[in-house]
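J.: Dropping a structure here in structure tokens format, bear with me for questions.
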Amino acid sequence: MSATQARTPPPPSHRSLDETPLGATLVALRGVDKTFANGTTALSGLALDIRENEFVSLLGPSGCGKSTALRILAGLIPPSRGEVAWAGGGRAEDHRGEIGFVFQEPTLMPWASVADNVYLPLRLRGVSRRDAGDAIAASLALVGLSKFAEAYPRELSGGMKMRVSIARALSLRPRILLMDEPFAALDEITRFKLNDDLLRLQHEFACTVVFVTHSVYESVYLSTRIVVMAARPGRIVAEIPIGAPTPRTETFRTTPLYGALCREASAALHGAMDADPAGGSAHL
Ligand SMILES: Nc1ncnc2c1ncn2[C@@H]1O[C@H](COP(=O)(O)OP(=O)(O)O)[C@@H](O)[C@H]1O
Ligand SMILES: [Mg+2]
């Protein structure tokens with residue numbers, strides 16, 4: 001057996017919902033294909049169930065369709081084939097208020113205060129500034145920025161800007177938080193701190209998270225399940241349950257279990273890159 005074959009990940013295992021103690025399915029991608037107008041097939045046959053209170057990471061090389069999958073889940077773009085099925089039915093548009101989306105860039109309005117940036121989704125829903133006061137304060141408290149409500153984005157560090165972006169996504173009290181490489185641009189210490197804060201707030205807030213990353217270490221630390229994707233076309237090639245107890249702390253990073261899971265996820269990621277006819281590693 002060649003080294004390439006040895007690293008090839010197992011076929012996707014879509015375990016039945018009854019096998020895990022997690023909550024019911026909140027939203028699922030069923031048979032999702034996405035081909036863009038220029039002919040690029042970004043996703044093919046994607047099937048993914050997201051259960052309540054899960055922390056699912058989509059792990060894969062650049063170009064494997066992670067962002068596309070997240071945007072389809074959020075209803076920001078439609079699939080070419082297949083569907084996004086929500087518990088209780090309804091189209092993506094009907095569930096907008098239940099979804100918080102965090103992009104890689106904080107995308108804050110530079111002319112608005114921190115509080116007004118967090119207010120934006122509420123304003124778009126017609127909530128008055130006065131009525132939104134408590135929700136804004138609660139969201140800022142969740143991310144540890146209560147003292148910075150009146151500050152402007154230019155006064156904040158990169159990590160603080162990302163916290164504001166997360167507070168803004170939380171302002172509508174979403175049931176599901178979709179995060180697209182939110183910490184990729186941050187230094188490692190800030191990233192580790194935000195990892196811990198994210199786990200704490202997911203616990204306090206009891207929401208479901210789908211988190212896009214190409215960091216093996218981050219995905220193992222945060223997730224209850226890692227979904228590994230390969231490119232051309234974007235598809236799921238492995239799923240790795242992360243059975244480590246929660247809540248997790250920095251000591252988890254020093255355990256043999258963490259090391260073993262990182263090796264497993266890393267092997268699956270390399271297998272995904274080997275499976276890419278154009279050589280996914282070239283995109284890292
Ligand atoms: N709007 C678009 N039009 C055409 N091609 C796109 C568009 N968005 C993404 N793609 C292509 O689809 C593939 C998947 O992209 P993306 O979902 O951004 O991957 P990832 O987030 O994993 O890096 C890539 O080949 C990318 O170039
Ligand atoms: Mg992306």
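Derivation of every value follows stated rules applied to the coordinates shown; laboratory data play no part. Note that the structure is predicted; figures quoted are calculated from it, not measured. Positions of Cβ are generated from backbone atoms using ideal geometry, with glycine treated the same way; all protein chains shown enter the neighbour counts.
J.: Given N residues in segment 71-197, what is its alpha carbon radius of gyration divided by 2.2 N^0.38 Å?
T.: It is 1.10.
J.: Could you work out, for the chain, what percent of all Cα-Cα pairs fall into each 10 Å distance bin, beginning at 0 Å and stopping at the bin that holds the largest distance?
T.: With a bin width of 10 Å, the distribution comes to 6, 28, 35, 23, 7, 1, 0.
J.: Take the Cα pairs of segment 22-69, get the Kirkwood Rh, then feed it into Stokes-Einstein at 20 °C and 1.002 mPa s and tell me D in µm²/s.
T.: Numbers: Rh = 12.0 Å.
D, rounded to a whole number, is 179 µm²/s.
J.: Also: If I stretch the segment between Ser146 and Arg123 completely, what's the gain in nm (0.36 nm per residue apart, minus their alpha carbon distance), one decimal?
T.: 6.3 nm
J.: Just the number: Rg to Rh for segment 17-150, Cα atoms, Kirkwood Rh, two decimals. Show your work: numbers first, answer last.
T.: On the way: Rg = 17.7 Å, Rh = 17.3 Å.
With Rg and the Kirkwood Rh in hand, the quotient comes to 1.02.
J.: Follow-up question, since we're still on this one. Which number do you get for Rg(Cα) / (2.2 N^0.38 Å) in segment 199-277?
T.: Against the compact-globule rule of thumb, the ratio is 1.16.
J.: In terms of the ratio Rg/(2.2 N^0.38 Å) built on C-alpha atoms, what value belongs to segment 138-221?
T.: Details: Rg = 12.4 Å, N = 84, 2.2 N^0.38 = 11.8 Å.
Rg over 2.2 N^0.38 Å, computed on Cα atoms: 1.05.
J.: Now a separate question. List the residues whose amide H sits under 5 Å from the amide H of Met229, counting only those 5 or more places along or on another chain, with H placed 1.01 Å from N in the peptide plane.
T.: Leu59, Gly60, Val237
J.: Could you give each residue of segment 256-272 its phi-based ³J(HN,Hα) in whole Hz, using Karplus coefficients 6.51, -1.76, 1.60 with θ = phi - 60°, and x for Gly or Pro?
T.: Per residue, the Karplus-derived 3J(HN,Hα) values read x, 4, 4, x, 5, 5, 5, 5, 5, 5, 5, 5, 5, 5, 5, x, 5 Hz.
J.: Here's a follow-up. Any number yet on Rg/Rh for segment 134-284, C-alpha, Kirkwood?
T.: Rg/Rh: 1.00.
J.: Still on this structure, please answer the following. Based on the alpha carbons, how large is the Rg to Rh ratio for segment 89-131 when Rh follows Kirkwood?
T.: Working: Rg = 12.6 Å, Rh = 12.2 Å.
Checking Rg against Rh, the ratio lands at 1.03.
J.: In debye to the nearest 20, how big a dipole does the chain give about its Cα centre with +1 on each Lys and Arg Cβ and -1 on each Asp and Glu Cβ?
T.: 340
J.: Next question, about the same structure. Hey, got the dipole for segment 174-218? About the Cα centre, +1 on K and R Cβ, -1 on D and E Cβ, debye to the nearest 20?
T.: Using Cβ point charges on Lys, Arg, Asp and Glu, segment 174-218 gives about 180 debye.
J.: To continue, here is another question. Under a 5 Å amide H to amide H cut-off, with H placed in plane at 1.01 Å, what residues pair with Thr35 once short-range neighbours are removed?
T.: Distant-sequence amide H within range of Thr35: Ala42, Ser80.
J.: Choose one answer from Glu52, Glu250, Glu264: the residue with the largest mean-square fluctuation in a GNM of the chain with alpha-carbon springs under 10 Å.
T.: Of Glu52, Glu250, Glu264, the most mobile in the Gaussian network model is Glu250.
J.: Using a Förster distance of 45 angstrom, determine the FRET efficiency expected from the C-beta separation of Asp134 and Ala37, and round it to 0.05.
T.: Given R0 = 45 Å and the Cβ-Cβ separation, E is 0.55.
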